[in-house]
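Here the structure is laid out as structure tokens; the discussion comes afterwards.
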């Protein structure tokens with residue numbers, strides 16, 4: 001399955017925020033990468049700003065352009081505000097739910113857990129990161145030594161991370177439930193989704 005495998009610190013420095021999680025590179029070199037990065041950030045056009053927001057959201061959720069555009073088109077066909085629908089689709093992806101539950105300390109690790117077959121949904125193994133979870137779906141770490149070892153490691157690493165309101169978690173059973181679809185007010189995306197929608201609507 002296609003995914004971004006390039007340098008993560010470089011992306012964090014490009015946007016000036018930890019897209020891939022905590023980054024010491026931002027502390028050491030808080031300026032854009034490249035030969036002219038130390039001179040500071042230049043003023044950007046409206047198009048460049050919108051493009052940057054799209055890139056941040058793509059990297060944040062671990063999607064490539066074709067996958068991300070598919071999310072946009074799916075949101076366009078749904079009732080409601082397109083930007084909000086996009087975020088809800090992204091937040092209810094199986095890899096995102098696994099990450100939010102704390103079974104992995106990173107989104108990339110959550111994606112790997114899914115693709116390697118360590119996750120069950122409603123008692124059945126699902127290995128597709130883009131699988132769309134629905135309210136009431138039970139997501140659990142499979143009951144075998146390797147899977148539970150990974151789940152334990154993730155829960156220990158994320159124990160101080162607060163659980164989002166639209167999920168419930170039983171740590172002892174390695175199970176979590178999507179109780180409902182999150183509202184826009186409950187979401188804190190890494191980018192402005194409205195600018196992303198406006199960018200796509202131009203093409």
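The table for this structure:
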quantity	calculated
Count of residues meeting criterion [over 18 Å from residue 135 (Cα atoms) and touching a helix residue (DSSP H, G or I) at 6+ places or on another chain (Cβ under 6 Å)] in segment 175-188	0
Some residue of segment 82-89 being touching a strand residue (DSSP E or B) at 6+ places or on another chain (Cβ under 9 Å), without any contact (Cβ under 8 Å) to a residue 60 or more places away in the chain, over 28 Å from residue 197 (Cβ atoms) and crowded, with 20+ Cβ neighbours inside 10 Å	no
Qualifying residue in segment 38-58 (condition: more than 30 Å from residue 171 (Cα to Cα), modelled with pLDDT under 65, not assigned by TED's automatic domain parsing to the domain that holds residue 149 and not in a helix (DSSP H, G or I))	yes
Residue among 90, 63 that is assigned to a loop (DSSP other than H, G, I, E, B) and closer than 24 Å to residue 117 by Cα	63
Residue that is nearest to residue 93 (Cα to Cα) [pool: residues in segment 135-169 that are exposed (fewer than 12 other Cβ atoms within 10 Å of the Cβ) and in contact with a strand residue (DSSP E or B) (Cβ under 9 Å, 6 or more places away or on another chain)]	135
Candidates 180, 148, 153 - the one that is modelled with pLDDT of 95 or more, in a loop (DSSP other than H, G, I, E, B) and more than 17 Å from the chain's Cα centre (by Cα)	180
Test: residue 71 is buried (at least 22 other Cβ atoms within 10 Å of the Cβ), outside any strand (DSSP E or B), under 15 Å from the mean Cα position of the chain (by Cα) and at pLDDT 95 or above	no
Residue 161 vs. criteria in the same structural domain as residue 98 (by TED's automatic domain parsing), outside any strand (DSSP E or B) and under 20 Å from the mean Cα position of the chain (by Cα)	yes
Subset of segment 106-128 (residues that are at pLDDT 95 or above and in a loop (DSSP other than H, G, I, E, B))	116, 117, 118, 122, 123, 126, 127, 128
Yes/no for residue 93 being within 26 Å of residue 194 (Cα to Cα), surrounded by 19 or more Cβ atoms within 10 Å (Cβ to Cβ) and at pLDDT below 95	no
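To keep it simple, each residue is scored yes or no on (1) without any contact (Cβ under 8 Å) to a residue 60 or more places away in the chain; (2) under 25 Å from residue 147 (Cα atoms).
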{"residue": "164", "(1), (2)": "no, yes"}
{"residue": "168", "(1), (2)": "yes, yes"}
{"residue": "173", "(1), (2)": "yes, yes"}
{"residue": "180", "(1), (2)": "yes, no"}
{"residue": "187", "(1), (2)": "no, no"}
{"residue": "197", "(1), (2)": "no, no"}
{"residue": "203", "(1), (2)": "yes, no"}
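The values are calculated or read from the model by the stated rules, or taken from the named source; none is laboratory data. This one's a predicted model, so the numbers in the text were calculated from it and none came from an experiment. Cβ sites come from the backbone with ideal geometry, for glycine too, and all protein chains shown count toward neighbours.
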